[in-house]
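The values are calculated or read from the model by the stated rules, or taken from the named source; none is laboratory data. Computed from a predicted model, the values in this text were never measured in an experiment. Quick reminder, even Gly has a Cβ in these numbers, built from the backbone with ideal geometry, and neighbours come from all protein chains shown. The protein model used for the area step is the full one, side chains on, heavy atoms only, and it has no ligands, DNA or RNA in it. Shrake-Rupley method; radii C 1.70, N 1.55, O 1.52, S 1.80 Å.
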Amino acid sequence: MNNDELVIFFNKLIKKLALGEIIEGPIQVTGGLTHKMYKIFTSRGKYIVKLLNPNIMKRTTALANFKRADILEETLKSNNINAIYSLIFNNSKLQKIDNQYLYIYEWFEGKTLTSKEITEEHCIIIAKSIAEIHNINLINKNNQYEEKHINFNKYLEYKSPINKLLKDNIDLLNNSIKMYNNSIKKIPPVLSICHNDMDIKNVLWNNHDYKIIDLECLDYSNPYLELFELALCWTGFEECNINYELLNIFLKTYFENTNLNKNIDWESIYYVNSNRIDWLEYNIKRVLMIETNSKEEQEIGINEVIKTIKQIKYYNEIKEKLLNNIKKIIEE
């Protein structure tokens, strides 16, 4: 939407949901790599509006996934998890105006941290929060993980700015998929409510106060995998520079606040922790404009492909050091 269309849309939105009169906004805010976020101040309050990516909403499973997350949101809320929850209008969290799906949240005066700003205190707080979410309803159940069959080779057939980068790393990508498929039946059969996207960009801080955001990926998933992924994200992995002292603090804090068994096959967890592979394919499609015709999304895709392949290479390089570090923590 251009600026004029955006103003018309937001006027329709606040009228339909009885949010008062616009005082300031809509102003786009940074942070989202998939959806678009806008702040808007009205005579009734201050809000954040999340416009869901239309390409995501075209997927056949999208609506069901969002509605399932909406139900789990209320479960977290009833368990006093410190988060920003989507507002309910007409008995629904998910809203639709002019074929545009969206969520609305109350404004929180906070900011995300950079990797360099994360301290021991932050790691302790987040590790405890993750454990609290996982502890709500642990279920002993076999994990229904399907094999990945991503054909990265077919993307080499396209002429694109990322072609050489893909070609140089194609063996690593294909091997990562192979090891994932070999390991999915070896991870512990346990499920819990998981955020599924609680990296550093999805927690807002105001000094010692914090709020977890972006709950639309909530689902029952394997807590070991989420622990493994987030322990990395919160201790420097995003910048390909893990601080192992912070990693140890993060893992120890989590284990002190959960009854999950620590003595498991962590190498299998390492290989199944492969969300970056899926994120990479999604962004390759953005670059090749397979699922979008937006130049803006294409540029985001190029940057994310470069960043994600760098992370996948780093992940491969640190395998032995990482697993040895976890082994020492468990043996203490």
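Regarding the range 283-290, can at least one residue be identified that is within 24 Å of Lys186 (Cβ to Cβ) and either open to solvent by 40 Å² or more (accessible area, probe 1.4 Å) or aromatic (Phe, Trp, Tyr) (or both)? No, the range 283-290 has no match at all. Here the condition is being farther than 22 Å from Lys185 by Cα and open to solvent by 40 Å² or more (accessible area, probe 1.4 Å); of Lys262, Lys252, it holds for Lys252 alone.
Can you name the residue in the range 141-154 that is out of contact with any strand residue (DSSP E or B) (no Cβ under 6 Å at 6 or more places or on another chain) and closer than 17 Å to Asn261 by Cβ and, of all such residues, is least open to solvent (accessible area, probe 1.4 Å)? The extreme case among them is Asn143. Counting the residues of the range 1-24 that are in contact with a helix residue (DSSP H, G or I) (Cβ under 8 Å, 6 or more places away or on another chain) and open to solvent by less than 100 Å² (accessible area, probe 1.4 Å) gives 3. Note on the range 111-127: among residues that are part of a helix (DSSP H, G or I) and surrounded by fewer than 15 Cβ atoms within 10 Å (Cβ to Cβ), the one that is modelled with the lowest pLDDT is Lys116. Restricting the first member to the range 272-290 and to residues that are within 20 Å of Asn175 (Cα to Cα), and the second to residues that are surrounded by fewer than 23 Cβ atoms within 10 Å (Cβ to Cβ) and β-branched (Val, Ile, Thr), the beta-carbon pairs closer than 6 Å and six or more apart or on different chains are Val272/Ile184; Val272/Ile187; Arg276/Thr308; Arg276/Ile312; Trp279/Thr308; Leu280/Thr308; Glu281/Ile150. The criterion of at least 2 residues that are acidic (Asp, Glu) and more than 23 Å from the chain's Cα centre (by Cα) is met, among helices (runs of 4 or more DSSP H) falling completely within the range 1-109, by 3-16.
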